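Participant: Sharing a structure, written as structure tokens. Questions coming.
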Amino acid sequence: MHPTHCIIHLTEEATKGTYRPAAESKAKQAIQSAISGIEYKSIRRKYQRIFIMVTPETDISKLKEILLTIPSIASFGMATKAPAEKGRDTAQAVLEASDASSFRVKVKISDRQHKRSLDETTQDLSKELAQRTNKTIDFINPKITLYVEILENGWYCYTEQIVSN
């Protein structure tokens, strides 16, 4: 499954002691400049994250290599985006793309309109995915972690969170 987005989380140092939107814009410009030789569709800043919309032609390994050199990046993940109504199906597809027998789910909710608590969402999603995929939920020593970021414009699902230096 080819990712649709790269979700970038910035370091606290990158935005600490300054006006956060300005610091995030500066980080976005630095990232945009660093990846100028790579094909991608768009880059935007929202929800205290930087989103790079990639294309099937995007050189993902080169993108990862470059992002690892940018000091203001804390972590990033190559995600598949789905509209909210298809979020659970996409989470299942991302999880099934792995041959891991056990998993855990980490959910972040940035949509202020989301009415359910984070714990309820994580528990419900974990149980549902375990039933759908015949994989085991393991919070202590999972073979894989499914990261789900729920935003107002959809769900972003990924299994590899790359921590920068």
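The values are calculated or read from the model by the stated rules, or taken from the named source; none is laboratory data. The shown structure was predicted, so the numbers you read here are calculated from the model rather than taken from an experiment. Heads up, the Cβs are rebuilt from the backbone with ideal geometry, glycines too, and the neighbour counts pull from every protein chain shown.
Participant: Inspect the stretch 9-19 for any residue being touching a Leu at 6+ places or on another chain (Cβ under 9 Å) and touching a residue at least 40 places away in the same chain (Cβ under 8 Å) and give the result as yes or no.
Facilitator: No, every residue in the stretch 9-19 fails to be touching a Leu at 6+ places or on another chain (Cβ under 9 Å) and touching a residue at least 40 places away in the same chain (Cβ under 8 Å).
Participant: How many residues, within the stretch 134-165, are part of a loop (DSSP other than H, G, I, E, B) and of a type outside the set (Ser, Thr, Tyr)?
Facilitator: Qualifying residue count, the stretch 134-165: 12.
Participant: Something else about it: Within the stretch 17-57, take every residue that is of a type in the set (Val, Ile, Thr) and within 17 Å of the chain's Cα centre (by Cα) and give me the one that is farthest from Tyr156 (Cα to Cα).
Facilitator: Ile31
Participant: Need pairs with beta-carbon distance below 8 Å; first residue assigned by TED's automatic domain parsing to the domain that holds Ile35 and within the stretch 55-75, second acidic (Asp, Glu); sequence gap 6+ or separate chains.
Facilitator: Thr55/Glu39; Glu57/Glu39; Thr58/Glu39; Asp59/Glu39; Ser72/Glu13; Ala74/Glu12
Participant: In the stretch 9-65, which residue that is touching a strand residue (DSSP E or B) at 6+ places or on another chain (Cβ under 9 Å) and among the hydroxyl-bearing types (Ser, Thr, Tyr) is nearest to Leu151 (Cα to Cα)?
Facilitator: Tyr47
Participant: Here is a further query. Among the residues of the stretch 100-118, is any of a type outside the set (Val, Ile, Thr) and part of a helix (DSSP H, G or I)?
Facilitator: The answer is yes, given that some residue of the stretch 100-118 is of a type outside the set (Val, Ile, Thr) and part of a helix (DSSP H, G or I).
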